[in-house]
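Encoded as structure tokens, the structure appears first; notes follow it.
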Amino acid sequence: MDALIKNAKKGDHLAFAMLFKDHYPFLVKYLMKITMNPDTAEELAQETMAKCIQKIHLYNGQSKFSTWLVSIATNTYIDQCRKKKREKNWQGQEEIYRKLKWHFESRNEDWNDALEALGRLPEDVRIPIVLKHYYGYSYEEIGEWMKISPGTVKSRVHNGIKSVRKELNLSEETESHRFGRRTTK
Amino acid sequence: MKKQRVIVLDGEQQNKQDILAISEIQEGLNKMEQFPVYSPDLQWFEQMVLAEKKIIRKKLIRDLSIFFIVAIIILCGIMISLFQMPAVFIFLQIATTIFIAFYSGTRLLKKVKIG
């Protein structure tokens, strides 16, 4: 196990701080990908670090520290979504990626259609897609973190990709209509 | 009945489309990776860790206090009933035993039914 992690486990707050500083950009970027919202990502990153301090004794070093952080962050986001749904404070899928889109446009970067399609998916489908196809985690690992079976993860990823595919095809069709092209014989 | 024409994509084509969709997703997420993230300085993280540890300590002290107060109240109740009202003490012991047996039995039955 890393010396920093060992010291953090012993209660060294400087080791903790260094560990968090090293992993902060990775954590925020991961959370940004699953929440599609930079503000929520930063807020959840702080909550994740707080949980990490509480649970550091449970970290056994079998997986990378970043993987452990991802698992805590995923659970924190799922809990927050459940809480918001219970409080009926849910904004809905339509709204969440708007700020991110605005950020992209303000930096003169192209907003990807697939990101829009991903943002429209419910969080319980978006999370496994990001974890599987971007970070390369196994269905078993994702299932363990989300407290669902690997089979359910697989079917969610499959259905999610299918929805994204459909939405991308739809936009292609719309574009071809706009330019007066025929796509079907 | 009129026959409907259904275009069925073969597995390979579907697979290709899936790969295309996945690569588009990855491309979009890669762009997000280049998104600038402001990382606070080490001192900020240190303060955050210290503040969080303080909260954990406070919570532990509060939980332990509640635990000891409740334990003392229960123990006092038992002692008073044992020395002042033995009938109440015996009744409480029997009632507690029956409750525990009933509760464990129903939970076990539920587990067996689910299994």
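The numbers here are math on the coordinates, done by the rules we state, and not lab data. What you are looking at is a predicted structure, and each value in this text was computed from that prediction instead of being measured. Note that we place each Cβ from the backbone using ideal geometry, even for glycine, and neighbour counts take in every protein chain shown.
Points worth noting:
- Given A:Lys166/B:Lys16; A:Lys6/A:Lys64; A:Lys33/A:Lys101; A:Lys101/A:Lys166, the pairs whose alpha carbons are separated by over 18 Å: A:Lys101/A:Lys166
- Over chain B, dividing the summed -39,500 (n - 2.57) contributions of all DSSP H runs of at least 4 residues by the number of residues returns a 222 nm mean residue ellipticity of -30000 deg cm²/dmol.
- Long pairs among A:Lys154/B:Lys59; A:Lys9/A:Lys29; A:Lys21/B:Lys58; B:Lys59/B:Lys110; A:Lys10/A:Lys84, criterion Cα-Cα beyond 30 Å: A:Lys154/B:Lys59; B:Lys59/B:Lys110; A:Lys10/A:Lys84
- Among B:Ile56, B:Ile94, the order by Cβ neighbours within 10 angstrom, fewest to most, reads B:Ile94, B:Ile56.
- Counted charge near A:His23, where neighbours are those whose Cβ lies closer than 11 Å (Asp, Glu -1; Lys, Arg +1): +2
- Sequence-ordered 3J(HN,Hα) estimates for the stretch A:52-69 from the Karplus curve with 6.51, -1.76 and 1.60 and θ = phi - 60° stand at 4, 5, 5, 9, 4, 5, 8, 6, 9, x, 5, 10, 5, 5, 5, 5, 5, 4 Hz, glycine and proline given as x.
- Of the residues B:Tyr38, A:Tyr59, the one with the fewest other Cβ atoms within 10 Å heads the list, and the complete ranking is B:Tyr38, A:Tyr59.
- Helices meeting the span-like rule in chain B (full DSSP H runs, Cα extent of at least 24 Å along the helix axis, mean Kyte-Doolittle score of 1.0 or higher): B:42-84, B:86-114.
- Put in order of Cβ neighbour count within 10 Å, fewest first, the listed residues A:Asp124, A:Asp110 become A:Asp110, A:Asp124.
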